[in-house]
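Visitor: Dropping the structure in here first, questions after.
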Amino acid sequence: MTSKALNNPAYLHELLAFYADAGVDEALAEEPNDRLSPQKAATGLAVSSALSSTTSTAQQPQAENSVRLAAAAIPDEAQAARARDLARQAQSLEELRTILTDFDGCNLKFTARNLVFADGNPQADLMLVGEAPGRDEDLQGLPFVGRSGRLLDRMLAAIGRDRTSAYISNIIPWRPPGNREPSPLESEICRPFIERHIELVRPKVLVTLGNPSTKLLLQTKTGIMRMRGTWSVHTTPGGLEIPTMPTLHPAYLLRNPAHKKLAWRDLLAVKMKLAELEG
Ligand code: URA
């Protein structure tokens, strides 16, 4: 990149648009770091080793790097087995949160700012599970707090509920970089945790939001458009059977508002089922 290009606003605009399209919406450091500057290139190594031997903030990334390298040395299949083992050990939601906080077997943890565990009332009879946190959720450490979260709140309100009478989580507890789709392996590694999460909450009714959570929790290859609106059963690893209603993801509904009526119908069925189970 020439300095002429960098001084050209039209070029910079194009470059930023390209980054935005690619999902790059986060700065990794507070200060910009011009890695292309000839001076930095020549002295970068000396500067970084000098810093790492004198400051603790420079040591932190190093320590994190060695955790990351140690975790990367374990094959992904073994990480999935480790996840199953660890998830089984959790006897409470707090224990599960601690286990997830310490778990280093999913690469998504290293690019996320926060663990996004859950929100709402864990004593509620209704639990909803989405896919993965986005930018707002990553910043706040809470699920569904961005645009789709606001729509989800309105969907809950339509059946007389809010976050004091519903519990919300995701199949993936760390934001995938640039909001990319989680890979099948990442989902497989995270699966034991959400399954144990559901088992510990023991909701009377589960709602899966969108394709990925429906496919994962109901072990089906059938798409959400065919699954939604009819009852299925999610079976937890311990054999607990929970009536489950798949419905459309709020992010999809923001793009396809004409389909909101379908989600509304699904949620009315949920409301009726909960009333039936109550009575
Ligand atoms: N989409 C999800 O699936 N989960 C969130 O928490 C936010 C957006």
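Visitor: For segment 217-234, what does the Karplus curve 6.51 cos²θ - 1.76 cosθ + 1.60, with θ = phi - 60°, yield as ³J(HN,Hα) per residue in whole Hz, taken in order and with x for Gly and Pro?
Guide: Working through the residues one at a time gives 7, 9, 6, 10, 9, 5, x, 4, 5, 8, 7, 4, x, 10, 6, 10, 10, 9 Hz.
Visitor: Pairs Lys109/Lys271; Lys221/Lys273; Lys109/Lys215; Lys109/Lys261: which are spaced more than 30 Å apart, C-alpha to C-alpha?
Guide: On the way: Lys109/Lys271 35 Å; Lys221/Lys273 25 Å; Lys109/Lys215 23 Å; Lys109/Lys261 36 Å.
Exceeds cut-off: Lys109/Lys271; Lys109/Lys261.
Visitor: Still on this structure, please answer the following. At 1.4 Å probe size, put Asp266, Asp153 in order of accessible surface, largest to smallest. Intermediate values should be presented prior to the final figure.
Guide: Numbers: Asp266 5, Asp153 60 Å².
Result, largest first: Asp153, Asp266.
Visitor: In whole percent, what relative contact order does segment 111-242 give with Cα contacts below 8 Å and a gap of six or more residues?
Guide: Numbers: 218 pairs, mean separation 39.8, N = 132.
Relative contact order here is 30 percent.
Visitor: Roll a 1.4 Å probe over the protein chains and send me the accessible area per residue for segment 70-277 in Å².
Guide: Working: 9480 Å² over 208 residues.
Result: 46 Å² of accessible area for each residue.
Visitor: A further question on this structure: May I ask you to derive the FRET efficiency for Thr164 and His13 from their Cβ-Cβ distance with R0 = 30 Å, giving the value to the nearest 0.05?
Guide: Numbers: r = 45 Å, r/R0 = 1.51.
My answer for the efficiency is 0.10.
Visitor: As I understand it, the dipole of segment 70-277 uses +1 on the Cβ of Lys and Arg and -1 on the Cβ of Asp and Glu, about the Cα centre. Which of Pro243, Leu100, Ala87 lies farthest toward its positive end?
Guide: Selected residue: Pro243.
Visitor: How large is the convex hull of the C-alpha atoms of segment 85-217 per residue, in Å³?
Guide: 98
Visitor: Can you say what percent of the DSSP beta bridges in segment 70-277, counting only those with both residues inside, are antiparallel? Round to 5. Walk me through the numbers on the way to the answer.
Guide: Numbers: 6 of 18 bridges.
Here the share of antiparallel DSSP bridges comes out near 35 percent.
The values are calculated or read from the model by the stated rules, or taken from the named source; none is laboratory data. The model shown is predicted, which means the values in this text are computed figures rather than measured ones. FYI the Cβ positions are ideal-geometry reconstructions off the backbone, even for glycines, and counts take in every protein chain you see. Heavy atoms of the whole protein, side chains included, go into the accessibility calculation; ligands, DNA and RNA do not. Shrake-Rupley method; radii C 1.70, N 1.55, O 1.52, S 1.80 Å.
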